[in-house]
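First comes the structure, then the notes that go with it.
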Amino acid sequence: MQDSFASAPAADQRGSSAVADIRSAYLDALLAGDAVRARHVVRRAADEGLSMASLYLDVLEPALEDVGLLWSAGDVNVAQEHYATALTTGLMAELAVRWRQDPTSGRLAVVTCSPGERHQLGARMISDFLEAAGWEVIALGADTPARDLALLVELERPDVLAVSTSMREHLDGVAATLAEVGRVQPRPFVIVGGRAWRDIGDERAGALGADARVTDPRRLVALVAERFPALADDPDE
């Protein structure tokens, strides 16, 4: 059985020091522009049993955040930052295949970025976590217009809508999205998250029309698993 990460500890069973070494090695490879070494670091960690949760949240995500800080300080340029993001995106696609489950819960989630939001790695992580937990996921990626999203939600009738926002200047797009989705019946359970929400309270999320603010994909999986238990198989099928 493939490992479940709904309640996995952040640093995994290998210990925080070992995971920090993997993260450092991955960051070094990114900054050196060495794709072969970067892929080897991550693939070896996965082969040796590091969970998807720890690879995503303790290695890939913080390494990219470090690259972003270096870009802000002028120590790496835009091309280098884009390179690191593209390489990490490709590795995430590869890792997702390792842990993806066939849809077994009978539940459907739509995962998207808010209007104007081009940073889609957070949404990709949410999609991968949900698929590894047996959910069917419609992943829409970056910059989904509010009205188009509402039309899709009305057609597909998902149990959950997750909206990811990385940049705070795109929070107005969240308001537009939730206003449109709020008119759809039946309305899905709406979760907002992403870096832009890390230091914003639940009150603002609720005021915009969200049912929950979640910035950790593991907690999101645990939340929806509790609220939307797997549906029983139809005995007539």
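The values are calculated or read from the model by the stated rules, or taken from the named source; none is laboratory data. The structure displayed is predicted, hence computed values, not measured ones. Glycine also receives a Cβ, built like all others from the backbone with ideal geometry; neighbour counts cover every protein chain displayed.
Given the criteria assigned by TED's automatic domain parsing to the domain that holds Leu140 and either within 16 Å of Cys113 (Cβ to Cβ) or touching a strand residue (DSSP E or B) at 6+ places or on another chain (Cβ under 9 Å) (or both), does Val221 qualify?
no
Answer with yes or no whether Leu69 is without any contact (Cβ under 8 Å) to a residue 40 or more places away in the chain and either surrounded by fewer than 19 Cβ atoms within 10 Å (Cβ to Cβ) or over 24 Å from Asp21 (Cβ atoms) (or both).
Details: without any contact (Cβ under 8 Å) to a residue 40 or more places away in the chain: yes; either surrounded by fewer than 19 Cβ atoms within 10 Å (Cβ to Cβ) or over 24 Å from Asp21 (Cβ atoms) (or both): yes.
Spelling it out, Leu69 is indeed without any contact (Cβ under 8 Å) to a residue 40 or more places away in the chain and either surrounded by fewer than 19 Cβ atoms within 10 Å (Cβ to Cβ) or over 24 Å from Asp21 (Cβ atoms) (or both).
With (1) of a type outside the set (Gly, Ala, Ser); (2) in a loop (DSSP other than H, G, I, E, B); (3) not assigned by TED's automatic domain parsing to the domain that holds Leu223 as the list, and Glu81 as the residue in question, which single condition is left unmet?
Failed condition: (2).
Out of Arg107, Arg43, which single residue is basic (Lys, Arg) and out of contact with any Phe, Trp or Tyr (no Cβ under 6 Å at 6 or more places or on another chain)?
From the options Arg107, Arg43, the qualifying one is Arg43.
Can Met1 be described as over 21 Å from the mean Cα position of the chain (by Cα), modelled with pLDDT under 90 and either surrounded by 15 or more Cβ atoms within 10 Å (Cβ to Cβ) or under 22 Å from Ser127 (Cβ atoms) (or both)?
yes
Applying the selection to region 95-131, what residues are among the hydrophobic types (A, V, I, L, M, F, W, C), part of a helix (DSSP H, G or I) and touching a Pro at 6+ places or on another chain (Cβ under 9 Å)?
Those that are among the hydrophobic types (A, V, I, L, M, F, W, C), part of a helix (DSSP H, G or I) and touching a Pro at 6+ places or on another chain (Cβ under 9 Å): Met125, Ile126, Phe129, Leu130.
Only one residue in Asp143, Asp148 is at pLDDT below 95 and of a type in the set (Asp, Glu). Which one?
Sole residue among the options that is at pLDDT below 95 and of a type in the set (Asp, Glu): Asp143.
Can you pull out the helices (runs of 4 or more DSSP H) entirely within region 147-237 that have at least 1 residues that are touching a residue at least 60 places away in the same chain (Cβ under 8 Å) and within 13 Å of Ala109 (Cβ to Cβ)? Let's see the steps before the verdict.
Values: elements: 171-181, 202-208, 217-227.
Of the helices (runs of 4 or more DSSP H) lying wholly inside region 147-237, those with at least 1 residues that are touching a residue at least 60 places away in the same chain (Cβ under 8 Å) and within 13 Å of Ala109 (Cβ to Cβ) span 217-227.
For region 75-126, give me the residue count where each residue is crowded, with 16+ Cβ neighbours inside 10 Å and without any contact (Cβ under 8 Å) to a residue 24 or more places away in the chain.
So the count comes out to 1.
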